[in-house]
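What follows is a set of notes on a single structure, which appears directly below.
Here, each number is a calculation from the coordinates, and none is a lab measurement. None of the values given here were measured: they were computed from a predicted structure. Here the Cβ positions follow ideal geometry from the backbone for every residue, glycine too, while neighbour counts run over all protein chains shown.
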Amino acid sequence: MITLENSSTETITIENVSRRNFLYGMLATSAFVVCARTSSLLAKAAGNGAPGLAASTPSSIGGTAFHPSVFVGIHSDGMVYIVAHRSEMGNGVRTSLPRILADELDADWSRVTVLQADGDTVYGSQDTDGSHSVREFFDVLREAGATARLMLVRAAAQQWGVPESQCVADPVHVVSDKNSSRKLGYGELAALAAKLPVPKKEELQLKSPQQWRYIGKPAPGYDVAEVCSGKPVFGMDVRVDGMLYAAIAHPPVLGGKVKSVDDSATLKVIGVKKTVAIDPFKPPHAFQPLGGVAVIADNTFAAFKGRKNLKIEWDNGSNASYNSADYKKELQQTARRPGKVVHTIGDPDAEFAKGGKIVEAEYFAPHLAHASMEPPVAVADVQGEKVTVWSPTQDPQGVQEQVAKALGVKKENVTCHVTFLGGGFGRKSKPDYAVEAAVLSQKTGKPVKVIWSREDDIKFDYYHSVAAMYLKAALDDSGKPKAWLQRSVFPPIGSTFDASAVYSGAGEMSMGWNVVPFDVPNFRSENGKAVAHVRIGWLRSVANIYHAFAVQSFANELAYAANRDPYDYLMTLIGNGRTIDASQKADMAAKYPYDIARLRHVTELAAEKANWGKTKLGKGTGMGIAVHRSFFTYVASVVEVDVDDQGTIRIPHVTTAVDAGIVANPEMVRQQFEGAAVFGTSIARTGEITATGGAVDQSNFNDYPVARMNDSPRQVDIHIVESTAPPAGVGEPGVPPFVPALCNAVFAATGKRVRELPLARNGFS
């Protein structure tokens with residue numbers, strides 16, 4: 001049992017429900033628990049040696065082997081319990097995923113309770129990154145719901161002694177007899193259904209899209225009422241009996257170490273218990289703690305005050321020579337030289353050699369911080385070989401793995417309870433802060449809550465990579481490019497896991513760089529090497545941010561060079577419907593081909609809805625357009641700006657068209673793309689992390705500001721394309737096209753080209 005304090009004065013006592021206890025508790029009350037069959041994803045988890053993965057039937061659960069992929073249970077009172085195995089951080093995953101299952105189950109949504117899963121490999125991947133929650137589990141959850149529905153139908157048929165074909169699940173939480181008025185509620189059938197064998201996949205009959213009641217229909221968030229009243233438990237809310245608090249003085253420079261420490265003034269602070277040294281990481285840093293000195297106290301105030309009083313002499317190591325201004329010049333120089341070839345079509349060098357009209361441009365995007373509203377926080381309680389962690393994490397399995405590695409215990413002995421996340425954007429899938437809590441709990445013998453301040457969050461983040469890009473095109477007589485070269489240079493995410501990594505991996509190159517969606521006969525993309533001097537990590541939409549910024553800005557520049565309307569020119573570049581080679585894995589290419597017709601359609605739709613070319617724009621106003629495909633989703637944005645004589649930018653209107661295939665919940669999709677416009681505004685206008693002497697210069701929202709209400713778009717209209725294509729991502733794809741669309745709009749309004757982010761670097765505010 002733990003006690004949690006929410007944002008009100010109310011104290012709540014709850015019991016964390018593990019997957020196993022959830023099953024045992026429901027069996028004790030004649031519950032019916034159905035287990036989804038092992039999909040290829042879950043089979044892969046089984047092959048990795050996860051515990052308890054023997055195949056089973058519902059009747060064997062409880063003391064014997066049971067099926068691993070437990071997502072749904074039905075209580076004898078008819079209440080349906082659906083497990084949400086991904087993390088909720090405003091992304092709507094606790095609504096969208098359960099509603100997929102509930103639809104196939106024909107469950108009454110008002111009688112559904114959603115339970116948050118602990119970290120456990122039996123659920124398949126729980127990493128809530130990469131916009132793949134719905135995409136990866138759409139079929140798995142549909143099958144789980146259809147399995148439960150079929151077993152309930154069979155239970156009713158057995159109860160009535162009639163053929164199975166005579167019974168049907170109604171969309172009112174009951175099974176009906178087609179030939180009579182008889183009905184049995186799901187709760188009445190639970191005990192009998194639990195005794196039946198799990199049907200084979202071939203026996204399932206999934207609903208047609210015309211039969212869907214929840215999938216594709218807008219619905220508010222499952223927790224929206226609780227969120228609005230301050231009831232959900234976030235990581236910062238967790239309290240455990242006997243818990244101590246920790247604030248950590250991290251090395252100011254990556255790889256730095258403590259030379260000496262004087263904690264005498266710290267130990268005089270009332271409430272401070274002790275100071276504890278944390279070992280520096282061994283390269284590669286990966287998800288290890290950064291090291292430093294932790295101040296252990298019985299309250300947060302004392303911990304932070306005690307840390308402030310520490311006198312530490314640091315050995316800053318080799319990265320002390322890192323200065324972002326010099327590093328920028330280094331990256332730009334590298335981008336001007338031939339790099340490692342990523343992809344080639346035709347012979348661009350031969351075309352460039354012919355001369356004619358050549359257009360060149362350089363673009364630059366700085367490091368970015370995640371700056372989620374809730375800074376990193378975690379509670380850990382180490383009891384011998386058993387470890388319990390409470391954390392706002394995007395990857396509870398990652399927490400288990402990294403904590404086990406750091407403490408030298410078995411992964412299955414680490415329990416990770418997932419709280420709500422006050423934002424994540426990719427930062428909270430990196431569990432270094434949870435590992436810190438576990439290490440300190442082991443060292444102190446007490447439960448420990450590690451809290452990062454906002455300053456810690458900004459100064460010691462896994463930063464979105466800085467990037468320098470060079471683009472060159474040769475235009476034919478009509479102004480269309482006959483040759484295109486692009487070169488990108490940035491410290492890769494791979495440096496987090498391999499200290500010697502200086503070139504990008506295939507994943508980052510696939511994010512809008514290895515190919516362009518344009519009809520260009522001669523093309524080459526390249527990558528230059530760059531050494532990382534800070535921790536590099538993924539941030540919402542990852543390398544797509546700077547790649548889309550460069551490619552779509554350059555396309556806009558070519559339009560003006562050709563004396564063409566930017567939208568008309570963009571459509572010419574896109575060309576007619578075709579499928580292009582995006583150099584992705586064969587299985588994904590087959591399921592998610594890069595369909596230019598879909599890209600063209602969202603571009604047309606965004607322009608149409610924004611009244612492109614039909615709106616009279618006055619002085620200082622302008623429209624910009626950009627389109628990008630990421631996470632298999634096609635997105636086009638038109639941004640309208642109003643820039644005054646002082647360079648202050650206002651964004652009265654944004655129009656975005658989205659083709660994400662089958663959409664689970666349109667309401668959640670709209671929210672994600674509205675949020676992407678605000679997020680994109682922040683990183684485009686003022687987002688910039690710099691460093692001097694190896695230490696990050698920024699520390700809080702005063703020097704790393706995020707968009708406030710008057711900075712954000714006033715109106716954002718989202719237009720979702722109806723599609724029968726497989727579900728694609730929605731959490732991240734809205735960011736990449738927004739940024740260049742905004743910059744292109746600024747050029748249209750002012751005549752000043754933006755080739756370097758943030759806009760504040762160009763005299764705008």
Any idea how far apart Lys405 and Gln158 come out in nm if each label point goes 7 Å out from Cα toward Cβ? 4.6 nm
Rg to Rh, two decimals, where segment 278-331 supplies the alpha carbon set and Rh follows Kirkwood: 1.11
So which of Lys273/Lys311; Lys328/Lys585; Lys178/Lys207 end up more than 26 Å apart, counting from Cα to Cα? Lys328/Lys585
Restricting to bridges with both residues inside segment 376-437, how much of the DSSP beta-bridge set is antiparallel, in percent to the nearest 5? 50 percent
Most exposed first by the Cβ proxy, i.e. fewest other Cβ within 10 Å, how do Thr496, Thr655 rank? Thr496, Thr655
Note, segment 447-456: 3J(HN,Hα) by Karplus (6.51, -1.76, 1.60, θ = phi - 60°), whole Hz, Gly/Pro = x, goes x, 10, 10, 8, 10, 8, 6, 4, 5, 4
Under 28 Å Cα to Cα from Lys410, which lysines show up? Leave out anything in the same chain fewer than 8 places away. Lys44, Lys282, Lys386, Lys428, Lys430, Lys443, Lys446, Lys449
Quick check: from the Cα gyration tensor, does segment 686-765 come out rounded (a/c under 1.5), prolate or oblate? prolate
Hey, which aspartates and glutamates would be in cross-link range of Lys472, C-alpha to C-alpha under 13 Å, not counting anything within fewer than 8 residues on its own chain? Asp349, Glu351, Glu360, Glu362, Glu526, Glu557
Sum of -39500 (n - 2.57) over DSSP H runs of 4+, divided by residues of the chain (222 nm, nearest 500): -8500 deg cm²/dmol
Which three semi-axes in whole Å describe the equivalent ellipsoid of segment 343-441, each the square root of 5 times a Cα gyration tensor eigenvalue, listed largest first? 48, 17, 10
